[in-house]
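Just below is one structure, and these are the notes that go with it.
The values are calculated or read from the model by the stated rules, or taken from the named source; none is laboratory data. Note that the structure is a prediction, hence the values are computed from the model and not measured. We place every Cβ from the backbone using ideal geometry, glycine too, and count neighbours over all the protein chains shown.
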Amino acid sequence: MPTSVRQPDVRRVYLETFGCQMNVLDSQLVSSQLRAMGYQFVDDWKIADVVLYNTCSVREHAEQKVWSRVGEVGQHKKQRPDLVLGLIGCMAERDGVGMIRRYPQIDLLCGPGELDKLPMLIDNVVKTDVPFRGRPSQVQTALQGNTHRRSATLAAAEDQLELLDLSRSFSPDEVSGAAYVRITRGCNKFCTYCVVPFTRGAEVHRPPDHIVDECRRLVEAGTQEITLLGQTVNHYHYDHGAAVTVDGMQQPQVGAAVKNKGNSFGITLGAVADSAFGRGAAGRRITSFADLLARIHDEVPDLQRLRFVTSFPRDFGDDILQVMAERPRICRYLHLPAQSGSNRVLERMNRGYTVEQYLELIDRIRASLPEVTLAGDVICGFPTETEVDHQATCRLLERVRYKNCFVFKYSPRPGTTAAQRFTDDVPDEVKRRRNNELLAVQSRVSQSVHNEYVGKRVRVFVESISQRARKEQQWGDGATEFQRVELGWEPPTTQLTGRTDGDLIVIFEGSPSWIGSIHEVLVERAAPLTLFGRLAEPVATV
Ligand code: 5AD
Ligand code: SF4
């Protein structure tokens, strides 16, 4: 194609997101930034001018999906050489240089800590003549590399990525009933299997005033439920007296082992603080996670539901439980991954706690919040995991009684301590069997947890029309679909899906106009992952 082809004034962007909720939020922020600059978003990548994949590196499986997409786009670029292909997120950060060499169809790479630079990168690609774009020297990159961990003296004001969160749109078109708000970026835990500390960098805590203000503005624009996000969300602490908000405690190179030490169970910064919002050792004012939860709950009274993920067991203090117990609009739901039920494996994972400490925490949580629901993550087939270790994890699931637990087969990630120091010695068929056994145990536990709700009333935040109803409307009843699409008509009632305060999925019949609001449902039946019920009575959303 001649290089003089004029780019359309409004470029069409296709953005696909892989992985965690943090990526979902990053994609939302990137989209609203690009929309504000005149880009339009499309659902079909084949009609896009810019294709962006927001990628995940946590497991190899997630990366493979992206490689197959990159291959497809490479083929398509033979007809559309001017198409811009960008990889953003953790894969770009983890393997940037390698990618450029292997995949000449990639035009730009942008790590998760550099997303504020994405519009500039796209612009630079567009300005580069098409025949030059595949060359490694021409690929537009914004990656943190390891420099981010070395600089423990970043002033908060210089923290460019904060600008991305601050640039969030509060236009009613873009704000929905449920929203994510980031409070912490990065991770300092260095669990030996995990790539996140390398791809997302050192832990950085956002200023509490920015967070409270963002929550307030979202609620003013119509948001009812906010989920606070952080890789170790309950480790949030903001030191008001310090020029630095990067926790520079641990700054090793890729692969270096760092021992998880720190707060003991049951005590956090808030718990040892000497004033309402805490004082650090040097007399500096600290906002702990418990303080932040209290502030959001109390200063944003119209917010219906406040939740947070993901909690790190070792940092879960009684001060957080106390704030939750005293504040009804903070959801009684915790995602608190244990990862293994064996002390030997936990030690090798560098998780910094024992099974006994984890279970003691669970007991303390249930004593403070009897109605709490818990979700977990476990990894099976970690190097040297024996049958005895595996059985211990099965017992942990039975003892904790998670409402649901994500089970992952261990996948060695390049650059992590586990990949460098331990042989991946559990055969894949053994991993698969253990995975299935854990899922079977959890399915029994989940059914029994859900059974306890039959006959009870639950408050449900309605998220959408259920998948089944959507399929039926689409394929089962052509007339309805025609009316819906062509005439903008919605059926008066349909099957809806939503979540309880405790994050249990509920399906019931109701009006599509209820999406985005909270209704009370009487539970009639339970399956391992779903409750089924009927409307009890609408709840005033004041
Ligand atoms: N292999 C398998 N599972 C992993 N997780 C993180 N890294 C790996 C890995 N290398 C899982 C953990 C974590 C979740 C997000 O992904 O259980 O909690
Ligand atoms: Fe990864 Fe551990 Fe940090 Fe979670 S706490 S993001 S598993 S290093």
Item to complete: Check whether at least one residue in the range 339-354 is part of a helix (DSSP H, G or I) and within 12 Å of ligand 1 (Cβ to nearest atom), and report yes or no.
Response: yes
Worksheet item: Gly502 is checked against (1) at pLDDT 90 or above; (2) over 30 Å from the mean Cα position of the chain (by Cα) and fails just one. What number does that condition carry?
Response: (2)
Worksheet entry | Evaluation of Thr184 against (1) more than 16 Å from ligand 1 (Cβ to nearest atom); (2) closer than 20 Å to Gln28 by Cβ; (3) at pLDDT 90 or above (one fails), failing number | (1)
Worksheet entry | Selection within the range 355-390 - part of a loop (DSSP other than H, G, I, E, B), among the charged types (D, E, K, R) and more than 24 Å from Val58 (Cβ to Cβ) | Glu371
Item to complete: Give me a count of the residues in the range 396-449 that are of a type in the set (Val, Ile, Thr), assigned to a loop (DSSP other than H, G, I, E, B) and within 11 Å of ligand 1 (Cβ to nearest atom).
Response: 1
Worksheet item: Can you tell which of Ser137, Ser167, Ser176 is at pLDDT 80 or above, surrounded by fewer than 16 Cβ atoms within 10 Å (Cβ to Cβ) and of a type in the set (Ser, Thr, Tyr)?
Response: Ser167
Discussion item. Looking only at the range 167-196, filter to residues that are within 11 Å of ligand 2 (Cβ to nearest atom) and either free of Cβ contacts under 8 Å to residues at least 40 places away in the same chain or among the aromatic types (Phe, Trp, Tyr) (or both); which one of those is nearest to Arg314 (Cα to Cα)?
Written reply: Phe190
Worksheet, complete the sentence: Filtering the range 84-95 down to residues that are buried (at least 21 other Cβ atoms within 10 Å of the Cβ) and more than 11 Å from Thr55 (Cα to Cα) yields Val84, Leu85
Discussion item. Could you tell me how many of the residues in the range 364-408 are closer than 19 Å to Ser342 by Cβ, small (Gly, Ala, Ser) and touching a strand residue (DSSP E or B) at 6+ places or on another chain (Cβ under 8 Å)?
Written reply: 2
Worksheet entry | In the range 41-88, residue nearest to ligand 2 (Cβ to nearest atom) [restricted to those that are in contact with an Asp or Glu (Cβ under 8 Å, 6 or more places away or on another chain) and polar (S, T, N, Q)] | Ser57
Discussion item. Which numbered condition in (1) surrounded by 19 or more Cβ atoms within 10 Å (Cβ to Cβ); (2) at positive phi is the only one that His390 fails?
Written reply: (2)
Discussion item. Based on this model, can you work out whether Phe198 counts as in a loop (DSSP other than H, G, I, E, B) and within 13 Å of ligand 1 (Cβ to nearest atom)?
Written reply: no
Practice prompt. Specify the residue that is nearest to Ile505 (Cα to Cα); the eligible residues are those in the range 368-417 that are β-branched (Val, Ile, Thr) and more than 19 Å from the chain's Cα centre (by Cα).
Written response: Val372
Item to complete: Among the residues of the range 314-338, write down those that are away from ligand 1 (no atom under 16 Å from the Cβ) and among the charged types (D, E, K, R).
Response: Asp318, Asp319, Glu326, Arg327, Arg329, Arg332
Worksheet entry | Any hit, the range 141-154, residues being at pLDDT 80 or above and either loosely packed, with under 14 Cβ neighbours inside 10 Å or not in a loop (DSSP other than H, G, I, E, B) (or both) | yes
Discussion item. Considering only residues that are surrounded by 19 or more Cβ atoms within 10 Å (Cβ to Cβ) and among the acidic types (Asp, Glu), which ones fall in the range 10-37?
Written reply: Asp26
Worksheet item: Can you find even one residue in the range 211-232 that is within 16 Å of ligand 1 (Cβ to nearest atom), touching a Lys or Arg at 6+ places or on another chain (Cβ under 6 Å), in a helix (DSSP H, G or I) and closer than 29 Å to Phe382 by Cα?
Response: no
Worksheet item: When only residues in the range 294-313 that are among the hydrophobic types (A, V, I, L, M, F, W, C) and in contact (Cβ under 8 Å) with a residue 60 or more places away in the chain count, which is farthest from ligand 1 (Cβ to nearest atom)?
Response: Val300
Worksheet entry | Pairs, first farther than 24 Å from Ser167 by Cα in the range 29-48, second of a type in the set (A, V, I, L, M, F, W, C), C-beta under 7 Å, six or more apart | Trp45/Val51; Ala48/Val13; Ala48/Val42
Fill in: Scan of the range 316-337 for residues that are outside any loop (DSSP other than H, G, I, E, B), crowded, with 23+ Cβ neighbours inside 10 Å and within 16 Å of ligand 2 (Cβ to nearest atom), ordered by number
Leu334
Worksheet item: So which residues in the range 338-371 are buried (at least 20 other Cβ atoms within 10 Å of the Cβ) and within 25 Å of Ala294 (Cβ to Cβ)?
Response: Leu361, Ile362, Ile365
Response to the item:
Taking the range 482-499 and keeping only residues that are surrounded by fewer than 15 Cβ atoms within 10 Å (Cβ to Cβ) and either in a helix (DSSP H, G or I) or modelled with pLDDT of 95 or more (or both), one is left with Phe482, Val485, Glu486, Leu487
